[in-house]
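The values are calculated or read from the model by the stated rules, or taken from the named source; none is laboratory data. Please read all numbers here as calculations on a predicted model, not as lab measurements. When we count neighbours, we look across all protein chains shown, and the Cβ atoms used for this are built from the backbone with ideal geometry, even at glycine.
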Amino acid sequence: MRGLIRRMKAAIVARPWALTSLAAVHGSTRGCAVVRRSDRYVVKKGRREIHLALRHGVYVFETAGRFDRCFGAVRPERIGDAEVADFSTPKIHHVPWLGADLLYTSLGEEEADVVAYLRRLAPAIGDVVLDIGAYCGATACAFSKAVGPSGRVIAVEADPMNHRALAANMERLGLANVEPVPAAVWSSSGTLRFAAEGALGSAATVLGPRDAATVEVAALSLDDLCERLDLRRVDHVKMDIEGAEYEVLPASRAFFERFRPKVVLEIHKTRVGVVDLPAVRRFFEDLGYVVERDIDNLVYGRPG
């Protein structure tokens with residue numbers, strides 16, 4: 001049944017008229033209107049609008065459901081009578097809650113998520129943070145400020161378009177303590193076929209069908225990542241890797257036993273379409289961690 005649902009979703013995304021109709025119904029239940037223009041989708045709520053590229057149409061549903069948080073991720077532009085958060089093309093946005101300008105390839109990172117990461121991990125001056133699934137770098141910026149010049153932030157991002165934006169943002173902001181790494185964290189090192197969407201949800205193709213061009217990217221295990229960067233300590237791990245956590249965690253027991261970092265992890269659906277929180281909880285509890293669930297599907301673990 002879940003396989004049928006995935007095929008139906010893929011078929012809908014491949015047919016713009018079907019996606020638009022379904023998104024319009026979905027949006028109306030959340031106080032939003034959804035319109036497809038020649039070059040973008042527009043999600044409207046009153047005089048506020050969020051614009052998405054046609055290739056990112058699958059994100060229309062989440063955008064309608066989380067409109068206020070998505071809209072508040074950046075400072076909107078005034079276009080006529082409308083306030084517009086335009087994510088239809090890569091561009092530099094002002095991020096008010098961060099106090100910085102960032103190049104985003106698509107949707108902005110939400111303040112509530114980054115606040116949750118900082119609250120749970122509480123990184124301190126001199127700490128080492130792994131930001132796995134760094135997207136365009138808003139969270140890395142927040143970590144950079146928290147750990148200071150004597151700390152390190154390893155910002156790992158597999159999607160080539162996202163990584164270019166990440167690297168450009170860190171260079172423009174002069175964040176020398178952030179080290180962008182163009183790779184996918186995986187169960188083993190090598191290469192991986194990756195659906196490069198230039199969006200928040202880019203993921204390895206083995207995790208499920210994606211309506212995006214695929215590219216081959218470098219894959220690194222957590223152990224090999226630490227060896228390559230000569231990491232002698234890791235204090236915190238933030239992981240948002242679109243379902244790859246079910247591949248990475250079982251292969252990373254030695255990493256967690258060695259470093260005992262605090263962890264904040266956004267868990268996603270498995271290949272069969274379920275969020276397997278019990279599996280994630282068991283993994284960390286077997287290592288002596290105390291595990292708590294936070295907002296949405298955010299899981300926090302600290303050594304007991």
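Annotations
- Restricting attention to the range 71-90, the residues being surrounded by 22 or more Cβ atoms within 10 Å (Cβ to Cβ) and closer than 16 Å to Y41 by Cβ number 2.
- Within the range 40-70, the set of residues being surrounded by fewer than 20 Cβ atoms within 10 Å (Cβ to Cβ) and in a helix (DSSP H, G or I) comprises L54, R55, F61, E62, G65, D68, R69.
- The range 208-262, subset free of Cβ contacts under 8 Å to residues at least 24 places away in the same chain and surrounded by fewer than 19 Cβ atoms within 10 Å (Cβ to Cβ), residue farthest from R164 (Cα to Cα): R258
- Residues within the range 133-179 that are within 12 Å of the chain's Cα centre (by Cα), within 23 Å of R232 (Cα to Cα) and among the polar types (S, T, N, Q), tallied: 1
- Whenever a residue of the range 141-169 is under 17 Å from A196 (Cβ atoms), its partners that are modelled with pLDDT under 95 and of a type in the set (S, T, N, Q), lying with C-beta atoms within less than 8 angstrom and at least six residues away or across chains, give the pairs A158/S202; D159/S202; N162/S202.
- Criterion violated by D127 - all others in (1) surrounded by 18 or more Cβ atoms within 10 Å (Cβ to Cβ); (2) more than 30 Å from P303 (Cβ to Cβ) satisfied: (2)
- The criterion of at least 1 residues that are modelled with pLDDT under 95 and of a type in the set (D, E, K, R) is met by the following helices (runs of 4 or more DSSP H) wholly inside the range 187-304: 245-248, 277-286.
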